[in-house]
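Read through the structure below, which is laid out as structure tokens, and then see the notes.
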Amino acid sequence: MSERKKVTLPALFKKVADSQPITMLTCYDYPTAYFQEQAGIDMILVGDSLGMTMLGYESTLPVTMEDMIRHSQAVRRGSINAWLIGDMPYMSYQPSVETAIRNAGRFMAEASCDAVKLEGGVEMADRVAGLVHSGIPTMGHLGLTPQSASALGGFRVQGREVAKAKKILDDAKALEEAGAYAILLEMVPDRLCQLITRRAKDCIIISLGSGPHAHGQLLIYHDAFGLYPRFKPRMAKVFANAGQLIQAGLQQYVKEVTEGDFPQPENWFGMPDEQYEELIALLES
């Protein structure tokens with residue numbers, strides 16, 4: 001694709017104003033970031049989901065700031081123009097506003113992120129406000145929040161009951177009032193997402209399994225391309241099954257090496273006869 005301009009916050013809000021859906025994917029490494037850059041993805045989230053998709057943990061909780069910074073740096077090298085969001089890992093922001101600012105600053109200074117994301121509603125509004133006042137664009141995250149999945153009863157839809165739906169509505173309002181430029185709604189009912197999107201005045205709403213009525217959509221890259229072997233969430237569509245292709249290629253590699261079909265002459269490097277003969281003579285002298 002042709003060279004594109006750097007995605008900025010005004011450009012994202014212009015897409016919202018023009019009713020143009022925003023595209024967003026997770027990403028954790030340089031080559032994938034390069035492909036997403038060429039595809040023209042608007043926003044890239046270096047999610048703490050890398051703990052599961054890249055590091056093999058059972059949850060996101062073991063992920064550290066060092067993990068997040070390293071992967072965010074790699075993604076930025078692969079995509080210079082996408083709006084890059086660093087996901088605040090567990091306990092990197094919960095203890096205090098000061099802790100949140102310090103760790104969010106690392107994403108901006110060390111990984112050249114454009115923004116950060118954190119989970120939680122009313123109880124995290126002061127963190128969001130502190131970050132925004134420090135000049136750090138901040139995305140909220142409501143609904144299914146993986147860092148608190150245990151307290152939510154597991155990985156399940158949030159907000160089907162009236163009381164819980166009202167809580168998510170109130171949380172969204174609190175985050176917007178605190179200055180969040182965007183809110184990710186993960187696994188909430190589509191009509192609840194639609195309500196929050198309609199009520200948002202100066203905040204971009206992104207849906208992850210929450211229906212079509214948001215300003216944009218997010219998928220976990222590994223879910224969308226068949227690269228996570230443990231399960232495929234219902235909310236994910238597999239756009240290309242790269243996992244099957246890679247598995248077939250690996251099996252073919254094992255077969256060809258085992259049967260002596262690989263490597264072939266075009267896969268190795270030779271040495272001039274005279275140089276080889278001189279080497280043998282040297283060894284035999």
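The values are calculated or read from the model by the stated rules, or taken from the named source; none is laboratory data. Fair warning: this is a prediction, and the values are worked out from it, not measured in the lab. Reconstructed Cβ throughout: ideal geometry from the backbone, glycine too, with neighbour counts over all protein chains shown. The protein model used for the area step is the full one, side chains on, heavy atoms only, and it has no ligands, DNA or RNA in it. Shrake-Rupley method; radii C 1.70, N 1.55, O 1.52, S 1.80 Å.
Of the cross-linked pairs K117/K167; K5/K201; K15/K117; K167/K201; K117/K201, those separated by over 22 Å at the C-alpha level are K5/K201. Could you give the angle, 0 to 90 degrees to the nearest 10, between helix 273-284's Cα long axis and the longest principal axis of the Cα atoms of the chain? Approximately 70 degrees, to the nearest 10. Ordered by solvent-accessible area of protein heavy atoms (1.4 Å probe), largest first, the residues D87, D202, D170 come out as D202, D170, D87.
Distance between the modelled labels on A149 and D190, one decimal in nanometres: 2.5 nm (7 Å Cα→Cβ projection). Sorting the segments 255-268, 60-73 by their residues' average number of neighbouring beta-carbon atoms within 10 angstrom, most packed first, yields 60-73, 255-268. In the assembled protein chains, Y276 presents an accessible area of approximately 120 Å² (probe radius 1.4 Å). Is segment 113-272 rounded, prolate or oblate when judged by the Cα gyration tensor, a ≥ b ≥ c being the square roots of its eigenvalues, rounded requiring a/c under 1.5 and prolate requiring a/b larger than b/c? In terms of gyration-tensor shape, prolate. Accessible area per residue was computed with a 1.4 Å probe on protein heavy atoms; L245 scores about 130 Å². Tell me the label only: which of (1) 36, 25, 16; (2) 44, 21, 19; (3) 31, 22, 18 is semi-axes √(5λ) of the Cα gyration tensor in Å as calculated from this structure? The value computed from this structure is option (2).
Could you please put S49, S148 in sequence from largest to smallest accessible area, using a 1.4 Å probe? Please report the intermediate quantities before stating the final value.
Numbers: S49 20, S148 45 Å².
Accessible-area ranking of S49, S148, largest first: S148, S49.
Taking each residue as 0.36 nm, the span from N267 to K255 lengthens on full extension beyond its C-alpha to C-alpha distance by 2.7 nm. Between F231 and E123, the distance separating the two model label sites (each 7 Å from Cα on the Cα→Cβ line) works out to 2.3 nm.
How many percent of DSSP beta bridges within the chain run antiparallel, rounded to 5? Bridges in the chain that DSSP calls antiparallel: roughly 5 percent.
Give, rounded to the nearest 20 debye, the magnitude of the charge dipole that the chain has about its Cα centre when Lys and Arg contribute +1 at Cβ and Asp and Glu contribute -1 at Cβ.
Working: 27 positive and 34 negative charges, 439 e Å.
For the chain, the charge dipole is close to 2120 debye.
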